[in-house]
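Following: one structure in structure tokens, then a few remarks.
The values are calculated or read from the model by the stated rules, or taken from the named source; none is laboratory data. Note that this is a predicted model, so its numbers are computed, not measured. Glycine also receives a Cβ, built like all others from the backbone with ideal geometry; neighbour counts cover every protein chain displayed.
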Amino acid sequence: MATESWAEKSRALAAAGLVVMGRDAQTKIEELANLSPLIEAATASRTRLLTSQSIDELLTIVPTEETITEAEVSTQRKSQTLQATLARPETGQAIGRTIAPITPNEPSPVPRPHGLDHYRMQDFPMQASDVDAEIEIHFDITGSSRTEGKMADIQSFFGDRLKQIRNQLISGGALPRRPVSIAEAWRNRQRHTSKDYEITLVGLASESRFTRAGNLSFVLEDETQNIQCSLRRPSGAGPLHPALDGLMNDDVVGVSGHFLLGERSPLFMISNIHLPPMRQHSKATAGEDQAVSAAFLSDVHVGSKTFLGPQWEKMIQWFNTDPLARTVKYFVLSGDGVDGVGIYPGQERHLAITDLFAQYGELARLLEGLPDWVDVVILPGNHDAVRPAEPQPALDPEVQQDYSDTVFVGNPCEFSLHGVRILSYHGKSIDDFVAGLRSVTYSKPEMAMRAMLERRHLAPSWGGKTPLSPEPEDRMVIQQTPDIFVTGHVHGHYVGNHKGTTIVHSSTWQDQTDYQRMLGFQPKPCILTVINLHTHESASIPFA
Ligand SMILES: [Fe+2]
Ligand SMILES: [Fe+2]
């Protein structure tokens, strides 16, 4: 495929029923070494028109070359297991097939998203012990939560979110004209009843659903009023367009369109929906003289019977022997360090350590095995002993006293390591994104992370699965594009890039739980993600 001419490529696309729109789209297609993933993604999402934008969106959700290879290998392995053939010892010829798998429940192979068999030491050029720690915290709610949870607090929380994201829409040039309030638009509705007299509104979306005709229907609300809206799928829209992907409850969006007034209840017909523009981000890097690395992990779930102790020992041994480990200055643990107590009904049956303080004591003991050049950063998650409402404060000082060389921060937390800005969020809201957007599944948490960055919000939905604390300022808004964005919570693993930001979905240290087995979910445990802060190269080290 790599050597195909444009004529051959366009023939292949035409055969798949795809139409290329515009010069930019053609250039993007010409640069592709392999057309199959694009054709596959377009077919799966029933996209027919390939515009520059829809190609980008389709390519966001296609697996990388490495993942495809891995998936193919995995399928081959699976089929070999399922159709294993017994051989006649004397001739080696097949004499029969096993009906059942020989090795049931074999864990799927660990993906190596960096695409390397092994890391290259020149990408991790500096020893951690040669550099002093440099952690600058930009946001952490600890000690500064100011809400009483009253109605007025909730109003100011949403008012602030609307203001912040509206400013991002305006200053980013996302809107085609100055937005007006919904009340003003309603007063002048008779003037805006056709496509030639469109207006632009900005508000919080709620009650979003797909109608039988396939349109997205939702209510848009601002400080003045609310209005029922309808969004039809624009031609050429890719699968990540809100008209196909959906909206999260309480998303802030801009809409352009006109009123449809008549006998039925009035409707705002949207011709264009606007999210804050997200341009290619240029990452900050640590200086050449500070080229150390950070390691990312979450969801250790110490105290659970399914905590993988022997694999932890293997990691500690690696930390004390491997040359890459000598470059790791920071170890970021993004929540659910312990399994907790009383987190869900019947949890006691799954606990090896039933005392919460003993669980934290054991986590401290396990971290003691890290070499002394490693500084630990710990955030809480939904299994930890802090309030569940986000932003969550850091763990209690009483818990902290067992730990050495550890910085305790809240969840989420924005901090810089040697100038590289990291946004770390445990990721509880991924549960809501799975329920809210068609593109997000538990096996693709990176799609939720992509959606968070695109809408500049970590957890938009109030009243869903993520408890939110109505602070006067909504600090779940992503105010500044991070260089590295890390989440955990759903026990997968992913390292990738979204418009210049490195996305890390950090791995767990808990084996498959009964609940996950019931759901058919296969976690990807025991993978340590290491990122160099100077070169931004990553290595995913499996210990399973
Ligand atoms: Fe977890
Ligand atoms: Fe969690």
Practice problem: Would you check which residues across region 286-324 are out of contact with any Pro (no Cβ under 8 Å at 6 or more places or on another chain), farther than 20 Å from His426 by Cβ and of a type in the set (A, V, I, L, M) and list them? | Solution: Ala286, Val292, Met315, Ile316, Leu324
Exercise. Test Gly337 against the stated conditions and say whether it is within 11 Å of ligand 1 (Cβ to nearest atom), modelled with pLDDT of 95 or more, within 21 Å of Pro371 (Cβ to Cβ) and in contact with a helix residue (DSSP H, G or I) (Cβ under 9 Å, 6 or more places away or on another chain).
Key: yes
Exercise. Among residues belonging to region 327-354 that are under 26 Å from Tyr425 (Cα atoms) and of a type in the set (D, E, K, R), point out the one that is farthest from ligand 2 (Cβ to nearest atom).
Key: Lys329
Quiz item: Among the residues of region 485-536, how many are under 19 Å from Ser416 (Cβ atoms) and not small (Gly, Ala, Ser)?
Solution: 15
Quiz item: Does region 389-397 contain at least one residue that is among the polar types (S, T, N, Q), within 26 Å of Ser293 (Cβ to Cβ) and buried (at least 16 other Cβ atoms within 10 Å of the Cβ)?
Solution: no
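Per-residue answers, yes or no, for (1) touching a Ser or Thr at 6+ places or on another chain (Cβ under 7 Å); (2) free of Cβ contacts under 8 Å to residues at least 12 places away in the same chain; (3) small (Gly, Ala, Ser); (4) buried (at least 17 other Cβ atoms within 10 Å of the Cβ):
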position	(1), (2), (3), (4)
Met126	yes, no, no, yes
Met151	no, yes, no, no
Phe157	no, no, no, yes
Gln168	no, no, no, yes
Gly173	no, no, yes, no
Ser194	no, no, yes, no
Quiz item: How many residues are away from ligand 1 (no atom under 16 Å from the Cβ), among the β-branched types (Val, Ile, Thr) and not in a loop (DSSP other than H, G, I, E, B) when one looks only at region 370-384?
Solution: 2
Exercise. Filter region 465-508 down to the residues that are away from ligand 1 (no atom under 16 Å from the Cβ) and among the basic types (Lys, Arg), then identify the one that is surrounded by the most Cβ atoms within 10 Å (Cβ to Cβ).
Key: Arg475
Practice problem: Only strands (runs of 3 or more DSSP E) wholly contained in region 425-544 count here; list those with 2 or more residues that are not hydrophobic (A, V, I, L, M, F, W, C). | Solution: 494-498, 501-505, 527-532, 538-542
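May I ask you to say which residue of Arg387, Arg365 is under 20 Å from Leu297 (Cα atoms) and either part of a helix (DSSP H, G or I) or more than 16 Å from ligand 1 (Cβ to nearest atom) (or both)? Steps first, answer last, please.
On the way: Arg387 fails: under 20 Å from Leu297 (Cα atoms).
The unique qualifying residue is Arg365.
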Practice problem: Could you tell me whether Pro445 is over 17 Å from His383 (Cα atoms) and within 16 Å of ligand 1 (Cβ to nearest atom)? | Solution: yes
Exercise. Can you tell me which residue among Pro310, Pro380 is surrounded by fewer than 17 Cβ atoms within 10 Å (Cβ to Cβ) and within 21 Å of Ser506 (Cα to Cα)?
Key: Pro310
Quiz item: If you scan region 403-456, which residues turn out to be at pLDDT 95 or above and among the acidic types (Asp, Glu)?
Solution: Glu414, Asp431, Asp432, Glu446, Glu454
